[in-house]
Amino acid sequence: MSFASFMEIALDEARDAGARGEVPVGAVILSSQGNVLARAGNRTREMDDPTAHAEILAIREACRHLESERLTGCALYVTLEPCAMCAAAISAARLSRLYYGAADPKSGGVAQGPRVFSHPQAHHVPEVYDGIAEVECAALLKQFFATRR
C-alpha cells in the first residue's frame with residue numbers, strides 16, 4: 001500500500017470524528033508488517049476527556065492489541081501534526097515512524113511549538129514524514145471550522 005492509502009484510513013476516521021462534532025482528526029497505526037492495529041478519531045467531547053485525541057486512542061488500542069506498552073516497528077499516520085501531549089505519547093510508545101498530513105501552527109508539537117522530538121529529554125525520536133495528503137487533511141479541518149464560525 002502507498003502512503004496515501006494509509007492516510008485515507010486516517011482521513012476516514014477524521015471525517016467520522018467531524019460528523020460526531022469532534023475536531024476532525026484521525027489516526028491509524030500499522031504493524032511492522034503493514035497490518036492495521038488500531039484506528040481512531042478524536043473523541044474529547046464524546047468522552048469528556050481532554051486526552052482522547054485520535055493519536056492517544058490509537059496508541060492505547062494498538063498497545064492492547066499487541067499486549068505491550070511499546071509499539072516498536074510500528075507506524076502512525078495522523079491527519080494533523082500531533083500536539084505536544086501526543087508527541088510525548090508517540091515517543092513513550094517508541095513508535096518507529098510518524099506520518100502526518102497538515103501542519104498545526106497553533107498547537108503542533110513536532111515541527112511547531114515545543115518540538116518535542118528535538119528536546120534532549122525525548123525518550124525516543126521516530127522518523128517523521130510530514131505533508132502526507134496535506135491538502136486534503138487541511139481542507140477537512142478548514143471546512144469544519146468554517147461551519148463553526
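The values are calculated or read from the model by the stated rules, or taken from the named source; none is laboratory data. Everything numeric in this text was worked out from a predicted model, so none of it was measured. Neighbour counts run over all protein chains shown; Cβ positions are idealised from the backbone, glycine included. With ligands, DNA and RNA removed, areas are computed over all heavy atoms of the protein, side chains included. Shrake-Rupley method; radii C 1.70, N 1.55, O 1.52, S 1.80 Å.
Any idea how far apart Asn35 and Val128 come out in nm if each label point goes 7 Å out from Cα toward Cβ?
Going by the 7 Å Cα→Cβ label model, 3.0 nm.
Using only Cα atoms and rounding to the nearest 10 degrees, what angle (0 to 90) does helix 54-66 make with the longest principal axis of the chain?
40
Averaged per residue, what accessible surface does the range 16-149 expose to a 1.4 Å probe, in Å²?
On a per-residue basis, 50 Å².
What is the helix-to-structure angle for 134-148, meaning the angle in degrees between its Cα long axis and the longest Cα principal axis of the chain, kept from 0 to 90 and rounded to the nearest 10?
It is inclined by approximately 50 degrees.
Mind telling me which of Ala40, Ala103, Ala122 comes out most flexible in a GNM of the chain, alpha-carbon contacts under 10 Å?
Comparing Ala40, Ala103, Ala122 in the GNM, the peak value goes to Ala122.
Over the chain, with every protein chain in place, what whole percent of the accessible area is carbon and sulfur at 1.4 Å, could you tell me?
Numbers: 3820 of 7420 Å².
Of the solvent-accessible surface of the chain, carbon and sulfur hold 51 percent.
Can you give the Rg to Rh ratio for the range 5-149, taking only C-alpha atoms and Rh from Kirkwood?
0.94
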